[in-house]
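A short write-up of the structure that comes next.
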């Protein structure tokens with residue numbers, strides 16, 4: 001048992017001898033106060049609510065004093081000028097039904113069809129804060145759950161009595177939560193973009209989350225090794241089909257715990273409306289652009305088909321340049337997926353026939 005120090009002497013306004021608990025609290029306070037703004041989102045959720053902006057008077061209070069409404073702007077990409085059409089409303093309704101039941105939703109579709117946009121909009125409309133993560137081939141389990149950011153050693157040397165030497169060393173490790181752990185603890189919505197581009201082994205931790213409602217932190221020792229998943233936790237995943245380059249097939253056991261929603265390109269009227277709003281071009285020009293892109297889409301291999309994103313880029317280029325030279329603009333858009341000179345010549349012929 002440690003005896004609290006009550007020695008009255010002070011040096012420059014501070015007590016000479018301090019017990020371990022006091023020193024640890026002071027060290028933690030100095031660390032928090034010394035953090036730079038770009039590292040606030042790395043601070044452990046249980047120690048501070050810096051993941052979220054300060055509460056406004058109208059905010060509803062959720063678990064552990066955190067606001068329920070969507071607000072951490074720096075955690076997720078912001079969706080602007082979202083377009084609502086009957087087709088989009090029906091797709092959102094399908095996704096929300098499964099999320100309401102409690103099942104994670106896996107949106108699968110070709111590049112540029114709007115998977116990320118619809119996922120972020122649905123997450124926003126759920127009314128909970130959203131946490132975002134982007135998958136890639138280098139992702140590990142630690143990138144999902146968190147890890148130890150630093151290990152500190154604290155030493156106490158007491159020489160108050162000249163012939164008595166007291167030594168006490170304390171080793172402390174600081175754990176930092178990553179997106180999955182944050183979402184599971186506080187019931188946030190996790191949007192896992194490009195899910196199938198991460199290696200399956202990195203996602204094994206999700207199995208117990210969706211089946212038993214428990215998140216295991218394999219590298220976290222102590223009583224907090226297991227986290228009970230908050231009942232409001234929801235997850236939305238987006239992926240390209242397995243035939244795309246750089247895509248890994250997720251493990252069957254994980255796919256079996258998800259609801260798969262295949263999302264194809266929108267219908268003609270929906271694409272026209274999206275291009276018109278996002279590119280700020282006239283309806284007539286938007287129709288011409290979408291018609292050209294859809295014709296190209298029908299004549300190219302699946303992995304090379306231009307999506308709605310490509311149509312938006314064409315509209316933005318036309319508006320910026322003041323030119324309606326669709327042939328050159330379309331060439332610039334699709335040349336990024338060209339395999340060689342012969343392939344480029346073939347695509348140029350298709351573009352000329354379209355225009």
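The values are calculated or read from the model by the stated rules, or taken from the named source; none is laboratory data. As the structure is a prediction and not an experimental result, all values here were calculated from the model. Glycine also receives a Cβ, built like all others from the backbone with ideal geometry; neighbour counts cover every protein chain displayed.
Descriptive notes on the structure:
- Matching entry among 321, 353 (being at pLDDT 80 or above and either touching a strand residue (DSSP E or B) at 6+ places or on another chain (Cβ under 6 Å) or farther than 19 Å from residue 113 by Cα (or both)): 321
- Check on residue 283, surrounded by 15 or more Cβ atoms within 10 Å (Cβ to Cβ), over 26 Å from residue 343 (Cα atoms), modelled with pLDDT of 90 or more and in contact with a helix residue (DSSP H, G or I) (Cβ under 7 Å, 6 or more places away or on another chain): no
- Test set (1) surrounded by fewer than 16 Cβ atoms within 10 Å (Cβ to Cβ); (2) assigned to a helix (DSSP H, G or I) - residue 334 fails condition number: (1)
- Residues of the stretch 101-125 classified as under 20 Å from residue 213 (Cα atoms) and surrounded by fewer than 19 Cβ atoms within 10 Å (Cβ to Cβ), total: 3
- Residue selected from the stretch 206-226 under the condition closer than 16 Å to residue 147 by Cα and surrounded by 19 or more Cβ atoms within 10 Å (Cβ to Cβ), by the criterion modelled with the lowest pLDDT: 220
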